Each structure stands twice: as C-alpha cells, then as structure tokens.
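Presented below is the structure to which this report refers.
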Amino acid sequence: MNKIVSIVLFLTLAQQAAAQVPEEALRLSWKPQMGTARNQAIGGAMGSLGGDGTANLVNPAGLAFFKTSDFIITPGYQFGKGTGLFRGTSNKSEQQNNIGLGTSGFVFGGFGYKARNSFAITVTRTADFNQTTQYKGQNDYSSFAEPLADEFASSGLTIDQALNSNNISLPTKMALYTYLVDTATIGGSNQVIARSEFTSLLNQEHISEISGGTTEITLGWGTEINKKFMAGFSLGIPIVKIDRNTYFRESDASGDLDNDFNYLAYRENFNLTGVGVNLKGGLIYRPKEYIRLGLAFHSPEALMLKETFSSGFAADLENLFAPNSGYDSASSFDLTGNASEIYRYSTYTPGKIIISGSYVFREVENINRQKGFITADIEFTNYKWMKFGSSEEETQETKAYYKPFNDAIDAIYKSAFNFRVGGELKFNILMARLGFAYYGSPYKDKALKASKMNLSGGLGYRHKGVFVDLTYVHRINKDVNFPYRVNAPRANTFANVKETGGNVLLTVGFKI
C-alpha cells in the first residue's frame with residue numbers, strides 16, 4: 001500500500017458538489033500548448049518567435065510580424081491507448097481515435113501607421129479530454145463503501161433522516177438504501193458499518209470513459225512599436241464540453257460465501273458544459289536582428305459551468321435478507337424525483353507567465369532568405385491558483401461553502417515549470433522541424449508521479465502564397481487516478497495511469 005497522507009476531497013461529502021473536486025479543476029487546467037502544425041512540430045514554443053497564427057494563443061505580440069494576411073486551417077487526427085497499474089496489476093484500455101482542430105482562422109497583417117498593426121481571429125481545440133481509463137486489482141486494505149459509511153456516521157442522522165437530507169451525498173444515500181451501509185449492534189453499542197469492510201480481500205475494477213474538450217475562439221491584436229519592440233493583446237473565449245461515464249465494481253475475493261457481501265457496483269453519468277473568458281498579453285524585444293526575446297502573461301480562465309449528474313448503485317449482500325435474495329439497487333432518480341441533478345458554479349484555472357528566446361539564422365526582412373531558427377519557452381504556472389466559486393453574486397455564505405474545496409486544492413497541488421523547445425531548418429521552399437515539450441507534475445506529493453511529454457517532428461512547404469505543414473506529435477502522459485478517497489489518517493490507494501499516442505496535424509494556408 002502506498003503511504004500517502006490523505007485529504008478528504010469531498011468526492012462524496014456534498015450532493016451539491018458532484019464535480020466540484022480538485023481533479024475536475026485540474027482537468028481544465030493541466031493541458032499542453034496547442035496550435036498549428038508548424039507550431040506543434042517545434043514543441044509548441046511560440047513565446048518569442050511570432051509569424052504564426054499560434055501567437056494569438058501564446059504571445060499576441062508575435063502577430064506583429066505579419067505584414068500580409070493569411071487564412072489557415074488545421075485539421076488533426078489523434079489516437080492513443082492507456083495502461084492502468086493498480087495494486088500490482090496492469091490493465092490496458094482500448095485505443096481512442098478522434099478528430100481535432102488545431103489553430104485555424106484569419107490573420108490580417110500590415111494595417112495602420114506604417115503597416116505596423118495586425119489582427120487575428122482563430123479557433124483552436126485547446127484541450128482534448130477523450131480518454132478511457134481502466135484498471136483492476138485486489139485490495140485487502142480499504143473499500144469503496146468506507147468513505148460512505150464515514151459520511152453517514154459523521155452526520156449524526158438516522159437512516160431515514162439521511163435518506164431525506166440535502167446534506168448527504170447521493171452515493172451514501174444509495175448505499176443506505178441498499179443496506180450496504182447500515183447500523184448494527186457490535187459489542188453492545190450501536191455502530192455504523194459498511195458490509196464490504198468485513199471482507200478480508202476485495203476484487204476492484206474501475207472504468208472511466210471521457211469525451212469532449214475545450215475549444216477557444218481567440219481575438220488578437222499585435223503592433224510593431226519600433227524595430228526592436230512588439231506588443232500584443234488577445235481575448236479568448238473557451239467553450240467547454242465534457243461527457244464522462246464511470247463504472248466501479250467491488251466483489252468479495254475471500255471465498256467466504258456467508259459474510260453478507262458478494263459485490264457492489266456504482267455507475268455515474270456526468271456532463272459538463274460551459275463558457276468562459278481569458279486575457280493574454282505580451283512583448284517581444286529584438287536586441288539584435290537575429291535574437292528575439294519574449295515575455296507573455298495569461299490571466300486565469302474564468303469559466304461559468306453547468307453540470308448534469310445521475311448515478312446508479314447495486315449491492316448483493318448474499319444471505320442478509322434470507323430466504324430472499326440479498327440483491328438490491330437504487331438510482332439517483334429514485335432519490336431526486338426522477339430528475340438529473342443540475343448544478344451551476346464557476347471555476348478559475350491558473351494564470352501563466354512565459355519567458356522565451358529565439359535565434360534566427362540570417363534574420364532579414366525578406367523571410368525567403370532566412371535559413372531557420374531555434375526557439376524555447378519556459379512557462380510558470382501555479383495549480384494552487386485554481387479556484388471554485390459561485391456562478392451568482394459572491395457572498396460570505398458562498399465563500400464559506402466553496403472554502404473547503406479551495407482549501408483542498410491548496411493542500412494537494414503546487415507550482416510547476418513547463419518547457420518547450422524546437423527548431424526549423426529551411427531548404428528553399430521546404431522546411432524540416434523538430435520539437436520537444438515537457439509539462440511538470442502539478443502534485444505536491446512526490447509519490448504521485450505525473451507528467452506530460454511531447455516529441456514532435458514535421459515538414460513544411462512555402463511557395464507563391466501557399467503553405468502546407470504536416471506534423472506528427474508523439475505523446476507520453478503519466479498521471480494518477482483515485483477510485484475513491486478515505487479519511488485521514490487512513491492512506492489512499494490509487495492507480496498509476498499511462499497514456500501514449502500520437503497527433504497528426506495538417507495546416508493548409510493561403511496569403512490573402
């Protein structure tokens with residue numbers, strides 16, 4: 001058992017907070033830089049380079065390098081497969097395939113005084129959540145029902161009161177409804193029990209299927225202040241959609257056929273939609289013709305979200321109801337009047353600071369004579385800056401309600417540095433590119449191994465106002481997944497999840 005100091009993340013503490021947990025905020029915040037095929041081929045670095053539509057997303061000062069207008073479109077194809085390692089057992093999930101959209105849209109260059117201003121409107125799939133996470137193993141330490149029993153015990157309510165309380169989570173209510181969580185007289189005192197905890201060994205299985213992503217519409221402006229300084233500003237409108245189906249099953253592996261527990265199964269259907277806003281601004285400085293230095297700031301992303309949630313629970317308690325079967329089931333609809341639960345709230349992702357440098361070989365105004373470049377970004381973000389809040393006017397009451405969730409974020413996550421580096425060599429009308437990107441772990445606990453890494457390469461073609469770029473990005477992502485969480489000082493068990501796959505992007509552009 002991995003020894004980790006556990007923190008109650010309120011996964012089952014409040015019926016009103018089915019997804020307002022740190023993991024959901026992290027999903028919206030921990031994402032690699034996306035862009036055009038050219039940009040992805042060089043690792044996503046764009047903080048000082050400019051001259052690419054991706055500058056609208058990274059450092060809009062880079063739009064100032066445009067002296068003509070471009071139309072670009074970037075279709076993409078993504079595939080990948082995951083592996084889950086849970087308590088010594090490895091399990092592979094099925095391959096996921098889907099279509100994406102890299103940075104696409106218009107950049108209008110060469111406007112205003114001495115043609116120093118540029119404007120852009122782009123659409124980019126900035127995050128792709130399509131993933132299947134699957135793992136299973138044997139557990140002799142804890143049970144899914146343990147935190148449900150703890151929640152009921154700490155409430156001080158009777159079973160009937162808990163089933164009708166808005167302060168008890170739906171999973172706990174369903175566990176009570178099926179008698180998996182119950183009260184019993186033990187040693188002469190009345191105690192709350194979870195029947196699965198009386199089993200010495202459990203088979204556990206978790207499957208999570210997620211689809212959706214974040215698509216951002218970005219409006220940007222860049223200006224050349226003089227030959228050495230460029231500045232820019234952009235406004236982003238992210239649109240979020242996530243669908244997630246989760247299944248968890250726990251069964252008796254002890255061989256005891258008379259311990260009042262055979263199995264439990266929990267299924268959850270979750271949908272999240274929303275829209276938000278973010279701001280980006282930056283500068284690019286050229287101390288020499290061939291050197292570019294960039295500085296960019298990204299504001300936190302303010303998202304207004306709507307969540308729809310439903311779930312089902314089944315338990316087989318063997319001979320508990322003898323001579324009848326011990327099987328019983330319940331759904332969230334049984335407890336909510338045949339309606340899905342709908343919640344509205346706001347989430348704030350962390351801001352970013354990006355510093356960057358580029359070296360351009362034979363930097364001249366005529367880009368046809370440039371021979372290539374190397375470029376790198378260092379990005380700082382602090383995942384402790386993630387925050388939940390009310391979707392309505394903030395009051396002391398709403399601050400108090402969301403404080404435990406925000407305190408959990410503060411306790412679990414930390415700051416991280418992300419690195420992107422890449423280069424291009426130009427051979428007349430053809431270009432060859434390579435890149436690398438690394439996104440560090442957001443977790444404070446060193447036992448939680450997590451990172452995102454991209455290895456990329458691509459080719460480009462430029463001739464007579466037409467350009468075509470083709471890129472392959474190989475992903476190696478590591479993360480952790482907790483099937484449930486128990487209360488301190490008990491330690492939590494989790495799965496190490498690895499996902500590998502690739503992105504193929506094709507950008508086609510025209511001078512207009």
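Here, each number is a calculation from the coordinates, and none is a lab measurement. The shown structure was predicted, so the numbers you read here are calculated from the model rather than taken from an experiment. A quick note on method: Cβ atoms are made from the backbone with ideal geometry, for glycine too, and the neighbour counts reach across all protein chains shown.
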Quiz item: When you take every Cα atom in segment 126-266, what is the radius of gyration, and what is Dmax, the widest Cα pair distance, in Å?
Solution: 24.5, 85
Quiz item: Hey, rough spin-label estimate for Lys92 and Ile237, points 7 angstrom out along Cα→Cβ, what's it come to in nanometres?
Solution: 4.4
Exercise. Provide the FRET efficiency to the nearest 0.05 for the Thr336-Asn190 pair, computing r from the beta carbons and using R0 = 30 Å.
Key: 0.55
Self-check item: Tail weight of P(r) past 15 Å, computed on alpha-carbon pairs of segment 226-266, percent
Solution: 71
Quiz item: Stretched out fully, how many nm does the piece from Tyr141 to Lys114 gain, at 0.36 nm a residue minus the Cα gap?
Solution: 2.6 nm
Self-check item: Inter-part distance where segment 256-291 and segment 176-246 are each reduced to a Cα centre, Å
Solution: 7
Quiz item: Which net charge results when you count Lys and Arg as +1 and Asp and Glu as -1 among the other residues whose beta-carbon is under 15 Å from that of Gly102?
Solution: 0
Exercise. Quick one: angle between helix 396-412 and the longest Cα principal axis of the chain, in degrees between 0 and 90, rounded to 10, please.
Key: 80
Quiz item: Given a Förster distance of 45 angstrom, what is the FRET efficiency for Leu459 paired with Asn269, based on the Cβ-Cβ distance and rounded to 0.05?
Solution: 0.55
Quiz prompt | Pair Ile99, Asp160: separation of 7 Å Cα→Cβ label points (nm) | solution = 5.8
Quiz item: Once the other residues with Cβ under 12 Å from the Cβ of Ile225 are scored (Lys, Arg +1; Asp, Glu -1), what is the net sum?
Solution: +4
Exercise. Please list the equivalent ellipsoid semi-axes of segment 350-441, computed as the square roots of five times the alpha-carbon gyration tensor eigenvalues, in descending order and whole angstrom.
Key: 45, 14, 9
Practice problem: Using only Cα atoms, locate the centre of segment 441-457 and the centre of segment 470-512, then give the distance between them in Å, rounded to an integer. | Solution: 9
Self-check item: Cα convex hull of the chain, projected area averaged across orientations, nm²
Solution: 25.5
Quiz item: Tell me, in nm to one decimal, what length is gained between Ile225 and Lys478 on full extension, where the rule is 0.36 nm per residue of separation less the Cα-Cα distance?
Solution: 86.8 nm
Self-check item: Spin-label pair Phe427/Glu394, simplified geometry with 7 Å Cα→Cβ offset, distance in nm
Solution: 5.6
Quiz prompt | Those residues of segment 373-406 whose amide nitrogen sits under 13 Å from the label point placed on Tyr290, 7 Å along Cα→Cβ | solution = 373-374
Practice problem: Could you list the residues of segment 195-225 with an amide nitrogen less than 16 Å from a label point located 7 Å from the Cα of Ala253 in the Cα-to-C-beta direction? | Solution: 196-207
Self-check item: All aspartates and glutamates inside 17 Å of Lys81 as judged from Cα atoms, apart from same-chain residues fewer than 8 positions distant
Solution: Glu94, Asp128, Glu209, Asp479, Glu499
Quiz item: Across every pair of different alpha-carbon atoms, what Kirkwood hydrodynamic radius in Å does segment 42-184 reach?
Solution: 20.6
Quiz item: Which length gain, in nm to one decimal place, applies between Ser211 and Phe510 when the Cα-Cα distance is subtracted from 0.36 nm times their residue separation?
Solution: 104.4 nm
Practice problem: Between beta-carbons, use under 13 Å as the cut-off and find the net charge around Ala411, counting Lys and Arg +1, Asp and Glu -1. | Solution: +2
Quiz prompt | At R0 = 41 Å, FRET efficiency that the Cβ-Cβ distance of Ser325 and Ala488 yields, to 0.05 | solution = 0.65
Practice problem: Quickly estimate the mean residue ellipticity at 222 nm for the chain, helices only: each DSSP H run with n ≥ 4 gives -39500 (n - 2.57), and the total goes over all residues, rounded to 500. | Solution: -3000 deg cm²/dmol
Exercise. Report Rg/Rh for segment 296-425, rounded to two decimals, where Rg is the Cα radius of gyration and Rh the Kirkwood radius.
Key: 1.29
Quiz item: For helix 146-155, what angle does its Cα long axis make with the longest principal axis of the chain, in degrees from 0 to 90 and rounded to 10?
Solution: 70
Quiz item: Which GluC sites (Glu not before Pro) does segment 276-371 hold that lie in a coil by DSSP with at most 11 other beta carbons within 10 Å?
Solution: Glu365
